[in-house]
Amino acid sequence: MRWSSYLALAALACAVAAPSGSALARPVTREEAMRAAIHPVASLADMNAWLARAPVTRDFPPDFVAALRGQAPAFLIEMSTAPGCVPCADMWNKLGPLRRQYGWQVRTIGSEEAMIRSGRLALPWVGHPVAWVRPVGDPNRIIPIAIGTDHAPNLARNIYLAAKMLTGVRADVGVRALSKFTGIVGMTPRPAPRTGRN
């Protein structure tokens, strides 16, 4: 799906940026490409610095508002979250106004469900948040609209495209049109070092 294309682009960018003859001028592994496309953040400043690099959607189809409002009863936005996750709070704050403006339901899901979904779509689990759109009555038909937090216009456009794909737009057309996932995810807390004697 789109994620592998994103990884391939990241790998190409790493390969092109590497000076010729250096140790980096070699094929980039999938793991290196994945690391290059994921940005764990622990602070608001770090998150905003990465968001500043992400392009913002400027062009919307003419039926954008009518389609989002008209499809609201049929679909649901679900997102994963974790305590203390800065980009999770950011995503929730951006989905809230979209919910109020267009009437879409938004709810959170647990870590286990999020990881199962990612596995079903062959998406590497990179941490929270991840957001999906699905039909209200069908938890098995899901389309990821964000891996990591994103700009509100990008989220809105991806919600629109997910609804279109779930109602008949050819999937490859919709996938190509989705905004790039930012990969701005929460920093996984490290366990505190053990001190003292056992």
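The values are calculated or read from the model by the stated rules, or taken from the named source; none is laboratory data. Predicted, not measured: the structure shown is a model, and the values here were computed from it. Here the Cβ positions follow ideal geometry from the backbone for every residue, glycine too, while neighbour counts run over all protein chains shown. These area figures cover heavy atoms from the full protein model, side chains too; ligands, DNA and RNA do not enter into them. Shrake-Rupley method; radii C 1.70, N 1.55, O 1.52, S 1.80 Å.
Just a few scattered comments:
- Selection of the range 142-198 for residues being modelled with pLDDT of 90 or more and farther than 26 Å from GLN101 by Cα yields only GLY186.
- Hits in the range 121-151 - residues which are over 12 Å from the mean Cα position of the chain (by Cα) and either crowded, with 18+ Cβ neighbours inside 10 Å or without any contact (Cβ under 8 Å) to a residue 12 or more places away in the chain (or both): ARG134, GLY137, ASP138, PRO139, ASN140, ILE142
- Filter result for LEU51 (open to solvent by less than 40 Å² (accessible area, probe 1.4 Å), in contact (Cβ under 8 Å) with a residue 40 or more places away in the chain, closer than 18 Å to MET187 by Cβ and of a type outside the set (Lys, Arg)): yes
- Condition met for ALA72 (without any contact (Cβ under 8 Å) to a residue 24 or more places away in the chain and on the phi < 0 side of the Ramachandran plot): no
- Residues within the range 60-85 that are under 20 Å from the mean Cα position of the chain (by Cα) and exposed (fewer than 12 other Cβ atoms within 10 Å of the Cβ), tallied: 2
- Tally of residues being open to solvent by 70 Å² or more (accessible area, probe 1.4 Å) and more than 21 Å from GLN71 (Cα to Cα) across the range 101-112: 1
- Residue match in the range 59-71 (condition: among the charged types (D, E, K, R), modelled with pLDDT of 50 or more and not in a loop (DSSP other than H, G, I, E, B)): yes
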